Each structure stands twice: as C-alpha cells, then as structure tokens.
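Structure first, commentary second.
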Amino acid sequence: DVVSHELGHAVLDAIRPDLWNVASIEMFAFHEAFGDIMAVSTLLGMPVAVEAILKETGGDLSRPNAASRVAEELGRAIGAMVGVTAR
C-alpha cells in the first residue's frame, strides 16, 4: 500500500509537475488524496484482496474494511517512523 501511494505521488508529479507552483494549501491535500486513491485502486485490482474485503464486510461495502483503512494505516506507519502516535 505504501509503495502504491508513493507511486501515486510520482505519477501525479510526472503528469502535472506544475502543481508544485500552485499557491494553495489544497494542492498538498490533493497530492495526498491522489496517492491514497492509487493505493486503494491497486488493492482493489487484486482478486484475493477483493475476496477478503467481501468476506470481511459480508458484501456490505459501507462497513469498514481493508480498502477503507489504507490511508489510516499509512498515516500510522508514517507517524511511527517520525515518533508520533495516533490519538
């Protein structure tokens, strides 16, 4: 998931390198969201992961599941690397 997320940043930078010149804080949020979407898309491209998610949720995708937790888990991993714990 982390590799896919970071690849998302690289893909966005390759497609739109000019985004770094935008004078808006929302650009950073968009950049992170792009990475998150890339990670979730990669996860959902794996049949074994989709099967596990369907089993975990009983087919009700409005319930929390592995795909919906990707960004949260990435945030925890990054926080742990820099010594910040989740509250």
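None of the figures in this text is laboratory data; all of them are computed from the coordinates on show. Here the structure is a predicted model, which means the values were calculated and not measured. Quick reminder, even Gly has a Cβ in these numbers, built from the backbone with ideal geometry, and neighbours come from all protein chains shown.
Only one residue of Gly45, Gly8, Val70 has its Cα farthest out toward the positive end of the dipole of the chain, where Lys and Arg carry +1 and Asp and Glu -1 on Cβ, and that residue is Val70. Can you give me the angle between helix 47-57 and the longest principal axis of the chain, using Cα atoms only, in degrees from 0 to 90, rounded to the nearest 10? Compared with the principal axis, the helix lies near 70 degrees. Charging the Cβ of each Asp and Glu at -1 and of each Lys and Arg at +1, and nothing else, the dipole of the chain about its Cα centre rounds to 200 debye. Quick check: the angle from helix 70-82's long axis to the longest principal axis of the chain, C-alpha only, nearest 10 degrees? That helix lies at roughly 60 degrees to the long axis. Look at the alpha carbon pairs under 8 Å that are at least 6 residues apart: their mean separation over the length of the range 3-68 gives a relative contact order of 33 percent.
A P(r) calculated from all alpha carbon pairs of the chain, with 10 Å bins opening at zero, reads 16, 38, 32, 12, 1 percent. Per-residue Karplus couplings for the range 32-39, computed as 6.51 cos²θ - 1.76 cosθ + 1.60 with θ equal to phi - 60°, are listed in order as 5, 4, 4, x, 5, 5, 4, 5 Hz, Gly and Pro entered as x.
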